[in-house]
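In what follows, a structure is listed as structure tokens, so that the remarks can point back to it.
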Amino acid sequence: MFTVGIIGRPNVGKSTLFNRLAGKRLAIVDDMAGVTRDRIEYTCDWEGHRFTIVDTAGFDLKEELLKKEMQAQFFSALDEADFFILMTDGTEGLHSLDEIVVELLRQKNKPFQLVVNKVDSDARESLMYDFYRLGVNDIISISASHGRNVDMVLDDIVKRIPEDQIDIDPYEDRIKLVITGRPNVGKSSMINKWLGEERLIVTPIPGTTRDAVDTFFELDGDKYVLIDTAGIRKKKSMFKDKIEKYGYFRWKDSVENAHVSVCLVDAVEGITERDVKVIADTWEAGRPVILVINKWDLIEDKDDAAKAFLNDVDYKLQFLNKPPMIFTSTITGKNIFKIFKAAKELYVEASKRIGTHKLQHIIEEAVYRHQPPVVKNKRIKFYFVTQVSILPPEFVVFVNHPDSVHFSYQRFLVNLIREYHGFSGVPIKLHLRKRGEGKGGAMSKENENQD
């Protein structure tokens, strides 16, 4: 697919334009320079033409470790994209870094469109005149925050797309894996190891990843989307920093949009209280969980450590249902590709749909094994059960008194569904509804349980 890189020095509005083109807030935006670190991609559609936009870290010449890693991502984008939007800041005028970026584009013979941002009215058009010194004839003045002339940028992109391009949704038929966990447990390192390249920024600094970053990947004929996310700390701590706060909400959205969650745990530190909270939130969102015990190369007595982890899972993560547990090392590559086999199996389980006629015996078996209690001198009566969705699987049980069905009995029903129909390792959502008296069976009350 035709790929458009949005590049420029820090804090000229690249992420704001990226969000404007995408039509949604995907990249974190702040007045502080250097907020964007990893490359973020999104597939746009303009007048029937599809193309991928890439938000990049701002080009800088500072020597800090993180800056160096960010520039490595900048140069990777420079090599991979087909066309570039070079963003500049009209209010600050031509900058020496703007000149360097233009020279880099010319050296690589990359086509680009120069865009002068923060020109929010016709009266400010004169702000772009200084940029003609770059030897560029065609300049578009825009206001990314207000949307002024953004349609001109889109039109310019579309006219450069090859006519023979085949439009394909890159997310279609792909299993979406969200890689999650506390800060510095090796999430970005894991994705880089899978890809065989430094696609994501990795440093010893906790919290390096801020945005949720999608990467497309194929293995043994199966297609995946790998979603790297910010490390999750206590919400109270994260909300003190507005950038981390944005990262938390992006993590939450990514979990809800994924099919399977790959939860990394530090083998040296063990399963901490924060790990339990992250995993529990993921499970509650309806996502199957693969437990990945990373940094296994640092453990000396592996047999005893493995037994301790198994005991910890049984005690601390008892709300999970038979989660796959894989011991890995991103340094040696041990077991890292076993994660995809487990993910595919969980995806297949979570995608199963059971016909209503095959579920009726669940009610009969439940009543036979454990009679429902009597409420208000009237016994609870179950009518029928049906599956209403997949990923995650959701079931609705119609009953005369939904509010009176105890949580333990709801869990009993979920366990029966698992006993007869599987769904191993997959969260099941169960809804209790009261069957309506009139036509159409209106439901007046609903209880919900997940197990």
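Structural remarks
- Screening the stretch 354-407 for residues that are within 21 Å of P427 (Cβ to Cβ) and touching a Pro at 6+ places or on another chain (Cβ under 9 Å) and picking the one that is surrounded by the fewest Cβ atoms within 10 Å (Cβ to Cβ) gives H406.
- L177 fulfils the conditions (1) under 16 Å from the mean Cα position of the chain (by Cα); (2) at pLDDT 85 or above; (3) assigned to a helix (DSSP H, G or I) except for a single criterion, (3).
- Those residues of the stretch 105-118 which are without any contact (Cβ under 8 Å) to a residue 12 or more places away in the chain and either buried (at least 20 other Cβ atoms within 10 Å of the Cβ) or charged (D, E, K, R) (or both), in sequence order: R106
Residue by residue, here is whether (1) at pLDDT below 85; (2) buried (at least 18 other Cβ atoms within 10 Å of the Cβ) holds:
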| site | (1), (2) |
| --- | --- |
| D30 | yes, no |
| V35 | yes, yes |
| E64 | yes, no |
| M70 | yes, yes |
| F84 | no, yes |
| T91 | no, no |
| E103 | no, no |
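- Just one residue in the set K334, K341 is charged (D, E, K, R), surrounded by 13 or more Cβ atoms within 10 Å (Cβ to Cβ), without any contact (Cβ under 8 Å) to a residue 40 or more places away in the chain and touching a Phe, Trp or Tyr at 6+ places or on another chain (Cβ under 9 Å); that residue is K334.
This table checks each residue for (1) within 17 Å of P324 (Cβ to Cβ); (2) crowded, with 20+ Cβ neighbours inside 10 Å; (3) at pLDDT below 90.
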{"site": "Y224", "(1), (2), (3)": "yes, yes, no"}
{"site": "T229", "(1), (2), (3)": "no, yes, yes"}
{"site": "K240", "(1), (2), (3)": "no, no, yes"}
{"site": "I243", "(1), (2), (3)": "no, no, yes"}
{"site": "W251", "(1), (2), (3)": "no, yes, yes"}
{"site": "S254", "(1), (2), (3)": "no, yes, yes"}
{"site": "S261", "(1), (2), (3)": "yes, yes, no"}
{"site": "L264", "(1), (2), (3)": "yes, yes, no"}
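The values are calculated or read from the model by the stated rules, or taken from the named source; none is laboratory data. Remember, it's a predicted structure, so these values are computed and weren't measured experimentally. Here Cβ is always computed from backbone atoms with ideal geometry, including for glycine, and neighbour counts include all displayed protein chains.
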